[in-house]
Amino acid sequence: MKWMKRQQLAGYLFVLPSIIGVTVFFLIPLLFSFGLAFTNWLGPTGRDLRFVGLTNFRRLLFDGIFWKAVRNNVFYLLHVPLSVGVGFLVASGLNRRVFFRNGLRASFFLPYLISAVAIGFSWMLLFHPTQGPINQLLVSLGVRNPPLWLASTKYAMPTVIIIATWQSMGFNMIIFLAVLQEVPRHLKEAAQIDGAKSWQVVRYVTLPYISPITFFLLVIGTMNAFKSFGMIQAVTGGGPVNSTLILPLYVYRTAFRYYEMGYASTIAIMLFVIIFLFTMLQWYGQRRWVYYD
Amino acid sequence: MRGRRSFLVSLAVLVISISLAGISYASEVVYLKFWGGVPAENGPQAAVEAWNAANPHIQVEYVRYVNNEDGNLRVNMAMQTGDDVDILMSHSANDYEQRVLSGFLLDLTDRVDDDYMAANIGSGALRWRVGDKYYALPTNINAIFIMLNEDAFASKGIAIPERLTVSQLRTLANELKSDEYEYAFALDAGNIHGIVQNAVIDTGFVKEDGTSNLDHPNVREGLETYYGLMHEDKVMPVLAIQKATNMAVEQMFLEGKIAMYQAGAWRLRMSNDLKQYPRSFKIAFVPYPHFDGYSGPAHHVEDAMSIVATTRFPDQAWEFIDWYAQEGMMALAPGGRVPAHASAPQAEARKLIVQAAEETYNLESLDRTYEAGDTKLLPTPPYQVLDYINQEIEKYFLGEQSIDATIANMVKFHNDFLNRQ
């Protein structure tokens, strides 16, 4: 019995640093932030701090910029299925014997390792409305008025989605590569013997088999999409005219430019609620298309 | 044995005496940390070194922070955590006000009041007044002016203007229109909200009844004029293109591609550098345009130095600030900064700001801009309002909404903001 207690104590001691870390750097700030949402904390030090009840939440309901950021964030989510889809296609291609396979795998994965800000600046050069190679190519192909890309309220978000897809595709590809090698050969052969064509093997064997991983990538990708910051901040700063403003940028701007910490916490809580709802939606939706052994 | 003991005692006494002497000497030297956003090599380091050489008992170390959102956030955190900051230079009135209201900066009332400011700095100092007090001493006149390519004027036979209204600016830009220049006029994209600030220069952002003044007729006139310059006359870069391409209008002006460039003294460092930016034309100057019947924008008085509330040495910090504003600033003149303090040799500093290339300027017109009368401080709204104004006028200049919708949206947002305060 004594030995058991000593073992338990040792266990607690091992996890203690982690518990302290999580408490100090995560739980306390989380609760603090939740409390702040009901105050009018202003300035760096919280001068004239007052409890204001649900005032910040009421303000949120009529805050056009907040709702625009929500809409933008949902639109920005589009890059998640895109990067999962493209990641799957690239992984399928590179799962065969192709020339320079390892080099290609590394080059597709590389963007995931590069700083989001560096990626942003590189793409800014590519999408430069007048001197960028993309528009120069379009002009040489006869397009008279090529898009202004990041300078246009219409095209800025699609451009950001293209960049985000390119950036996150490599991670998805690596995960798919690992799981594609796990798909049992005999299942594919059985389907072929039954007369399935290549695309039918993919549709009815490979995709169901890898569906738990696809689900995992979609959930993680969605969460990350709602938390994105660096690349968009570097590329557009949320502009032009807030057309690429997403919730984390709005939280940052409200907290550290306007010093409205209370209101920023309210937006952060709404961000948490939205991520939670999307995750629950995906969780319930998975029953229809995810297959577990 | 006794000899050895007495030797050890003497040694101990000597060591203790030396240590105490050292401590007493060290205790007389005060070390101050001075944080500012000006790059050290543009003058602050030279100023600090000059001070340190002349004042061995008050040693100052210059710490440069980057004057952007992240840099200002870092400064605030440093002051909040009681980090080593004794003297702080603020560059934006909005950030400065937050610091005052948060209790980071000492009230300078005993040293600086309205009379002091009126006698030594001028009306521009009002920008740094919070309530009825000052918490900083501005040190630099950041002159604002339009730089003119004299060749462009000479080839059209147009005299260098001494003053311009907003509508005259448009007329002039059209007269200067030529195939030789890509644009007749340009300004830095980040300063586009200046049109609205200028429009309410005499009346302020808030009317007497406490509502938004953004529906003032000048706001409409100003925005329509600049829209016309961009889209109808095509003599000015379209804002969206300028922003998205990071169009270097200052460089284009120095390359002779733009005839008039609205900027300020901060661009003189570039125009002085004839090696990197060689040019054959002379640059003349004219003050920023003003609305007919209204004041013109006064030069910015900035780089405001404060004593940080947590410093242990407020008197020594003030001693340094007082010296820096009057004498130390001369080290910054070659970098384009003219001291704001009346006791400083301002005329000498004005020569220094163009010393590397004085032959290439119309100095008479430069002096005129510094001495321009009938000017007033540009009013600055809080960041929330400023950002919203930027967003709405950007939409208007993109052609995505009418002038009526632009003004209506700005007024509504501003009134909502005022009601919340």
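Counting only residues 5 or more places away or on other chains, whose amide H sits under 5 Å from the amide H of B:M147 once H atoms are built in the peptide plane?
B:Y261, B:Q262, B:A263
Based on a Kirkwood Rh over C-alpha pairs, give the Stokes-Einstein translational diffusion coefficient of segment B:326-421 at 4 °C and viscosity 1.567 mPa s in µm²/s.
Estimated via Stokes-Einstein, D reaches 75 µm²/s.
Among DSSP bridges having both ends in the protein assembly as shown, what percentage is antiparallel? Round to the nearest 5.
If I count the DSSP bridges inside the protein assembly as shown, around 60 percent turn out antiparallel.
For segment B:190-263, what mean projected area does the convex hull of the alpha carbons give, in nm²?
Result: 5.8 nm².
Can you sort B:Y96, B:Y31 from fewest to most other Cβ atoms within 10 Å of each residue's own Cβ?
Details: B:Y96 25, B:Y31 13.
Ascending number of Cβ neighbours within 10 Å: B:Y31, B:Y96.
Give me the one-decimal Kirkwood hydrodynamic radius in Å for chain A, with the sum taken over alpha-carbon pairs.
22.6
So what is the orientation-averaged projected area of segment A:156-236, using the convex hull of its C-alpha atoms, in nm²?
6.3
Using only helices, what value at 222 nm comes out for chain B when you add -39,500 (n - 2.57) per DSSP H run of length 4 or more and divide by the total residues, to the nearest 500 deg cm²/dmol?
On the way: 17 runs with 179 residues, N = 421.
Mean residue ellipticity at 222 nm (helix-derived): -12500 deg cm²/dmol.
Helix B:2-28 sits at what angle to the longest principal axis of chain B, using alpha carbons and giving 0 to 90 degrees rounded to 10?
20
Can you list the HN-Hα couplings for segment B:168-179, worked out from phi with the Karplus curve (6.51, -1.76, 1.60; θ = phi - 60°), rounded to whole Hz and with x for Gly and Pro?
Once θ is set to phi - 60°, the couplings for segment B:168-179 become 5, 4, 5, 4, 4, 4, 6, 5, 7, 3, 7, 5 Hz.
Could you state the orientation-averaged shadow area of the convex hull built on the Cα atoms of segment A:39-113, in nm² to one decimal?
8.5
Using only alpha carbons, build the gyration tensor for segment B:326-367 and give me the equivalent ellipsoid semi-axes, biggest first, whole Å. Could the numbers behind the result be given before it?
Values: eigenvalues 71, 25, 7 Å².
With the √(5λ) rule applied to segment B:326-367, the semi-axes are 19, 11, 6 Å.
In nm, give the distance between the simple-model label positions of A:L13 and B:I403, each being 7 Å from the Cα along the Cα-to-Cβ direction.
Result: 7.9 nm between the two label points.
What's the long-distance tail for segment A:150-293, i.e. % of Cα pairs beyond 22 Å?
Value for segment A:150-293: 57 percent of Cα pairs lie more than 22 Å apart.
Over the C-alpha atoms of segment B:174-218, what are the Rg and the largest Cα-to-Cα span, Dmax, in Å?
For segment B:174-218, the Cα radius of gyration and maximum Cα-Cα distance read 15.8, 50 Å.
Of all GluC sites (Glu not before Pro) in segment B:327-421, which ones are in loop regions per DSSP and have a Cβ with at most 14 other Cβ atoms within 10 Å? Working shown, then result.
Details: sites: B:E327, B:E348, B:E358, B:E359, B:E364, B:E371, B:E392, B:E394, B:E400; in loops: B:E327, B:E371, B:E400.
Within segment B:327-421, the qualifying GluC sites (Glu not before Pro) (loop, at most 14 other Cβ atoms within 10 Å) are B:E371.
Looking at segment A:150-201, which trypsin sites (Lys or Arg not before Pro) are DSSP coil and have at most 16 other C-beta atoms within 10 Å of their C-beta?
Details: sites: A:K154, A:R185, A:K188, A:K197; in loops: A:K154, A:K197.
Here the sparse-neighbourhood loop sites are A:K154, A:K197.
Karplus couplings for segment B:249-254 from phi (6.51 cos²θ - 1.76 cosθ + 1.60, θ = phi - 60°), rounded to Hz, Gly and Pro as x?
For segment B:249-254, the Karplus curve yields 5, 5, 5, 4, 5, 5 Hz.
Over all distinct Cα pairs, what is the inverse of the mean 1/r for the protein assembly as shown, reported as the Kirkwood hydrodynamic radius in Å?
It is 30.0 Å.
Of all the C-alpha pairs in segment A:102-225, what % are more than 25 Å from each other?
Percentage above 25 Å: 47.
Across every pair of different alpha-carbon atoms, what Kirkwood hydrodynamic radius in Å does chain B reach?
For chain B, inverting the mean 1/r across all distinct Cα pairs yields 23.7 Å.
Just how far, in whole angstrom, is segment A:245-274 from segment B:73-151 if you go by their alpha carbon centroids?
Cα centroid to Cα centroid, the span is 28 Å.
Over segment B:102-183, one equal point on each Cα, no solvent: what is log10 I(q)/I(0) by the Debye formula at q = 0.17, 0.27 Å⁻¹?
So the normalised log intensities are -0.73, -1.34.
How large is the convex hull of the Cα atoms of segment B:64-202 per residue, expressed in Å³ as a whole number?
164
I'd like the chymotrypsin sites (Phe, Trp or Tyr not before Pro) in segment A:77-176 restricted to DSSP loop residues with at most 11 other Cβ atoms within 10 Å, sorted by number.
Passing sites in segment A:77-176 are A:F99, A:F100.
Percentage of Cα-Cα pair distances in segment A:95-165 greater than 21 Å, rounded to whole percent?
The answer is 41 percent, as a whole percent.
Determine ³J(HN,Hα), in whole Hz, for all residues of segment B:285-298 in sequence, where each value follows from phi through the Karplus function 6.51 cos²θ - 1.76 cosθ + 1.60 and θ = phi - 60°; x replaces Gly and Pro.
So the J values, rounded to whole Hz, are 9, 9, x, 4, x, 10, 7, 4, x, 10, 5, x, x, 7.
Order by neighbour count: B:F34, B:F313, A:F14, B:F253, fewest other Cβ atoms within 10 Å first, most last. Let's see the in-between values first.
Values: B:F34 24, B:F313 16, A:F14 9, B:F253 28.
Ordered from fewest to most neighbouring Cβ atoms within 10 Å, B:F34, B:F313, A:F14, B:F253 come out as A:F14, B:F313, B:F34, B:F253.
Only helical DSSP H runs with n ≥ 4 go in: add -39500 (n - 2.57) per run for chain A, normalise by residue count and round the 222 nm mean residue ellipticity to 500 deg cm²/dmol.
Theoretical 222 nm ellipticity from helices: -22000 deg cm²/dmol.
If exposed means no more than 10 neighbouring beta carbons inside 10 Å and the site is in a DSSP loop, what's the longest run of chain B without any exposed trypsin sites (Lys or Arg not before Pro)?
B:1-274
Taking chain A as a Gaussian network, Cα atoms linked when under 10 Å apart, which of A:A156, A:A190, A:A91 shows the biggest mean-square fluctuation?
Of A:A156, A:A190, A:A91, the most mobile in the Gaussian network model is A:A190.
Work out how much length B:E224 to B:R74 would gain on full extension: take 0.36 nm times their residue separation and subtract the Cα-Cα distance, in nm to one decimal.
50.0 nm
Values in this text are rule-based calculations from the coordinates and carry no lab data. A quick note: this is a predicted structure, and the numbers were derived from the prediction, not measured. Please note: Cβ atoms are built from the backbone with ideal geometry, for glycine as well, and neighbour counts cover all protein chains shown.
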